[in-house]
Amino acid sequence: MLIPVLVGCYNRFVTKPCELRGFLHGSEIFPFTLEVNPASFAAAIRQQPMSKSIESHLTEDREFLPAKEFSSKARISSLAQYKKLYKESIDKPDVFWAREAKELQWDKPWNKVLEWKAPFAKWFVDGKLNVATNCVDRHAEGPRKNKAAIIFEGEPGDKRVITYGQLQREVCQFANVLEKNGVKAKDRVLIYMPMIPEAAVAMLACARIGAVHSVVFGGFSADSIVDRLEDSGATTIITADGGWRRGKVVPLKENVDAALEKYTAVRKCIVFKRCGNDVNMAASRDTWWHDEVAAVSHRHKAKSFDAEHPLFILYTSGSTGKPKGILHTSGGYLTGTYSTFKYIFDIREEDIYWCTADVGWITGHSYIVYGPLANGATQMMYEGAPNQPDFGRFWKIIEENAVSIFYTAPTAIRAFIKAGDHFPANHDLSSLRLLGSVGEPINPEAWMWYHNKIGGKRCPIVDTWWQTETGSIMISPLPGCTPTKPGTATLPFFGVDAAILDEAGNECKANEGGKLVIRKPWPAMTRSIYGDKARYSKTYWSDYKGIYTAGDGARRDKQGNFWIVGRIDDVLNVSGHRLGTAEVESSLVSHPAVAESAVVGRPDELKGQGVVCFVTLKETHQPSEALRKELREHVGKSIGAIAKPDDIYFAPALPKTRSGKIMRRLLKELVTTGDISGNVTTLDDVNVISNLKASMNS
Ligand code: 7RM
């Protein structure tokens with residue numbers, strides 16, 4: 001009879017039955033001695049209602065305001081100005097988005113800004129435009145003709161600068177090549193290229209003729225190509241002989257050949273010669289890029305397409321089942337990426353912008369190709385790995401090219417922290433004025449390192465939250481006005497009605513964790529999963545009526561800042577307490593020995609789930625029993641006993657997707673069953689698994 005009462009008021013501090021030493025009444029503890037039967041104790045714990053919201057125990061007090069010097073020149077220079085525009089964008093989205101869209105070139109104006117039949121949106125109804133001429137010709141035919149669009153550096157060190165004028169000629173030429181080969185509007189074209197300017201040229205040439213590109217990341221295998229060909233029904237492929245990665249040639253054409261043995265509907269494969277490695281060229285089907293462009297004009301008359309004309313399909317790995325083809329269309333997507341790029345990177349004519357993502361990811365689509373080019377920006381593009389020849393490569397590129405805006409991912413930042421501070425310290429990074437982060441929650445310690453060691457304490461950091469499905473950045477500081485705190489993506493962008501809801505659909509109170517949702521449509525939102533409207537509706541729009549569910553857990557602090565606490569599927573449930581993964585991981589990363597960590601739940605008879613941590617140490621530290629104990633105490637102190645790790649494993653590397661996100665699903669399976677049988681096709685490096693298993697036995 002007594003036990004449930006004790007559990008109810010005491011369970012937060014109990015990790016084992018033998019730790020029951022009394023019960024709490026008010027603020028006093030009444031000690032007692034009682035034989036506790038572990039089985040009935042466990043049963044009582046299980047009966048406990050699970051806490052409805054995701055709890056939060058870490059607080060962050062460090063706050064950084066943009067320097068006056070930065071604010072005074074910024075487009076949005078005060079929080080009051082942000083709030084005013086934000087209010088307009090929410091109250092009168094038509095007014096706000098029409099004004100943004102008008103900065104682009106429309107061949108026919110729209111009749112209606114938005115037609116919304118949830119969950120299907122049409123933006124800029126009846127408007128017509130050409131996405132490629134907006135990104136290229138309109139600059140090439142004005143004062144930006146000789147402005148650099150792309151400053152390219154290959155991994156071996158080769159360099160090229162491509163002006164807007166040259167880019168126009170190349171895109172036009174390749175558009176002619178595609179048309180000559182029978183590619184028509186709405187045909188799907190698969191692009192499987194290294195990170196070279198021709199990848200952007202191929203995408204823009206598709207856009208120019210209204211063909212739908214489907215870019216497959218160059219690190220994916222032949223099987224992934226087959227899946228994407230089958231789902232999209234593409235009949236044309238654009239690839240290269242190879243690409244450079246860590247001093248080796250990635251055999252792109254060979255992978256395409258293997259894929260085309262299984263999928264036979266491809267009529268045409270155009271191959272760019274990048275590495276000069278030997279490749280097989282199938283007669284009539286395969287031709288060289290240089291031969292193709294030599295035979296056509298560099299002039300091409302662009303047609304206008306409907307604002308809702310499909311622009312591209314980009315596949316994201318669903319956690320189960322076949323990849324989802326996220327479909328984006330033209331007018332809304334371009335408006336969204338154009339506007340977010342302009343305000344969030346506060347782009348200026350003289351900036352040299354560099355986003356380190358691959359064009360194979362949404363970040364590469366929106367913030368290498370469409371957003372920056374629609375703004376007429378100059379950008380750096382780098383083909384290879386960050387550690388080729390060593391971890392100084394990025395910093396050398398920034399120094400040599402005077403990069404002023406740098407946009408990268410937490411996973412890269414943590415790899416740099418692991419490698420050591422001497423790499424950035426050896427370079428002059430004073431050209432930088434703004435930093436960005438995307439892809440995962442950035443752990444506060446990684447944020448501080450980025451701020452201090454890369455930004456020289458002077459650059460604002462824009463931590464940008466968004467998804468393949470959202471198309472454009474949704475939550476982010478505006479660098480000239482938003483106070484930033486390490487670990488929060490801060491406030492919603494204009495027109496983004498973001499909120500946090502509990503299971504019943506009510507808005508959570510301050511600091512109460514729940515599901516991150518978007519309550520109003522926005523221009524760059526995905527229009528559907530290609531060929532599967534039912535899956536689109538079910539995946540994103542079925543939790544709450546007419547509301548988009550992102551799949552992330554989050555909380556809002558008192559100032560309204562959004563803190564992403566991790567994917568909903570990864571939330572831990574410890575003795576009825578729901579904990580996001582981000583806080584426990586950030587607590588571990590805040591210890592001076594730790595570079596990176598991943599936290600997962602393992603079924604536990606007493607607590608529901610136990611907390612299991614995988615930790616990668618900095619190069620300067622070694623695993624030891626003492627360190628393990630220290631880390632356990634460290635988490636206990638910074639978060640509370642509830643989050644104290646049950647097990648800590650030192651892992652040389654964590655399992656990640658090819659875009660660098662930690663795959664907790666695999667770790668969860670590993671700690672639950674002792675093995676991994678689930679789908680590992682999205683895993684970047686399969687060797688990580690055997691190393692992890694070894695680390696669990698040591
Ligand atoms: C752009 C991109 C989307 C998922 C998203 C989050 C996570 C992305 C942040 C972030 C915390 C961020 N598209 N995510 N950015 N979490 N803070 N700034 O990554 O489709 O590949 O992934 O990535 O879980 O839902 S994506």
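What the table below lists for this structure:
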{"read-out": "Residue that is surrounded by the fewest Cβ atoms within 10 Å (Cβ to Cβ) [pool: residues in the range 649-670 that are hydroxyl-bearing (Ser, Thr, Tyr) and within 16 Å of the ligand (Cβ to nearest atom)]", "value": "Thr657"}
{"read-out": "Pairs, first outside any helix (DSSP H, G or I) in the range 622-634, second not aliphatic (A, V, I, L, M), C-beta under 7 Å, six or more apart", "value": "Pro623/Phe650"}
{"read-out": "In the range 179-197, the residues that are among the charged types (D, E, K, R) and buried (at least 22 other Cβ atoms within 10 Å of the Cβ)", "value": "Arg188"}
{"read-out": "Residue ID - nearest to Ala598 (Cα to Cα), chosen from residues in the range 440-468 that are in a helix (DSSP H, G or I) and away from the ligand (no atom under 13 Å from the Cβ)", "value": "Glu445"}
{"read-out": "Residue pairs meeting the criteria (Cβ under 7 Å; at least 6 apart or on separate chains; first under 11 Å from Lys515 (Cα atoms), in the range 538-553; second of a type in the set (Gly, Ala, Ser) and in a loop (DSSP other than H, G, I, E, B))", "value": "Tyr544/Gly505; Gly553/Gly580"}
{"read-out": "Residue within the range 153-170 that is part of a loop (DSSP other than H, G, I, E, B) and crowded, with 17+ Cβ neighbours inside 10 Å present", "value": "yes"}
{"read-out": "Criterion: surrounded by fewer than 21 Cβ atoms within 10 Å (Cβ to Cβ), in contact with a Leu (Cβ under 9 Å, 6 or more places away or on another chain), among the β-branched types (Val, Ile, Thr) and touching a residue at least 40 places away in the same chain (Cβ under 8 Å) - qualifying residue of Val136, Val125", "value": "Val125"}
{"read-out": "Single residue of the range 357-381 satisfying the filter (more than 13 Å from the ligand (Cβ to nearest atom) and part of a loop (DSSP other than H, G, I, E, B)) that is nearest to Thr316 (Cα to Cα)", "value": "Val359"}
{"read-out": "Verdict on Arg535 being over 28 Å from Pro323 (Cα atoms), away from the ligand (no atom under 14 Å from the Cβ) and surrounded by fewer than 23 Cβ atoms within 10 Å (Cβ to Cβ)", "value": "no"}
{"read-out": "Criterion: at pLDDT 95 or above and either outside any strand (DSSP E or B) or farther than 16 Å from Trp361 by Cβ (or both) - qualifying residue of Leu190, Leu260", "value": "Leu260"}
{"read-out": "Condition broken by Arg567, with the remaining ones in (1) within 19 Å of the chain's Cα centre (by Cα); (2) away from the ligand (no atom under 16 Å from the Cβ) satisfied", "value": "(2)"}
{"read-out": "Filtered residue count, the range 546-556, keeping only those that are more than 15 Å from the ligand (Cβ to nearest atom) and surrounded by fewer than 20 Cβ atoms within 10 Å (Cβ to Cβ)", "value": "1"}
{"read-out": "Candidate set from the range 387-409 (those that are free of Cβ contacts under 8 Å to residues at least 60 places away in the same chain and either under 18 Å from the mean Cα position of the chain (by Cα) or within 26 Å of Ile326 (Cβ to Cβ) (or both)); member that is nearest to the ligand (Cβ to nearest atom)", "value": "Thr408"}
{"read-out": "Boolean, Ala412 is within 26 Å of Glu583 (Cα to Cα), within 16 Å of the ligand (Cβ to nearest atom) and surrounded by fewer than 21 Cβ atoms within 10 Å (Cβ to Cβ)", "value": "yes"}
{"read-out": "Tally, over the range 71-105, of residues that are in contact (Cβ under 8 Å) with a residue 24 or more places away in the chain and part of a loop (DSSP other than H, G, I, E, B)", "value": "8"}
{"read-out": "Options Gly384, Gly332; residue that is more than 16 Å from the ligand (Cβ to nearest atom), part of a helix (DSSP H, G or I), touching a residue at least 40 places away in the same chain (Cβ under 8 Å) and over 26 Å from Lys73 (Cα atoms)", "value": "Gly332"}
{"read-out": "Residue match in the range 508-518 (condition: buried (at least 21 other Cβ atoms within 10 Å of the Cβ), of a type in the set (S, T, N, Q), touching a residue at least 60 places away in the same chain (Cβ under 8 Å) and in contact with a Ser or Thr (Cβ under 7 Å, 6 or more places away or on another chain))", "value": "no"}
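Okay, residues lined up against (1) modelled with pLDDT of 95 or more; (2) farther than 24 Å from Glu440 by Cα; (3) assigned to a loop (DSSP other than H, G, I, E, B):
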| site | (1), (2), (3) |
| --- | --- |
| Gly495 | yes, no, yes |
| Gly514 | yes, no, no |
| Thr526 | yes, no, yes |
| Gly531 | yes, yes, yes |
| Ala534 | yes, yes, no |
| Thr539 | yes, no, no |
| Ala550 | yes, no, no |
| Lys558 | yes, no, yes |
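The values are calculated or read from the model by the stated rules, or taken from the named source; none is laboratory data. The shown structure was predicted, so the numbers you read here are calculated from the model rather than taken from an experiment. Positions of Cβ are generated from backbone atoms using ideal geometry, with glycine treated the same way; all protein chains shown enter the neighbour counts.
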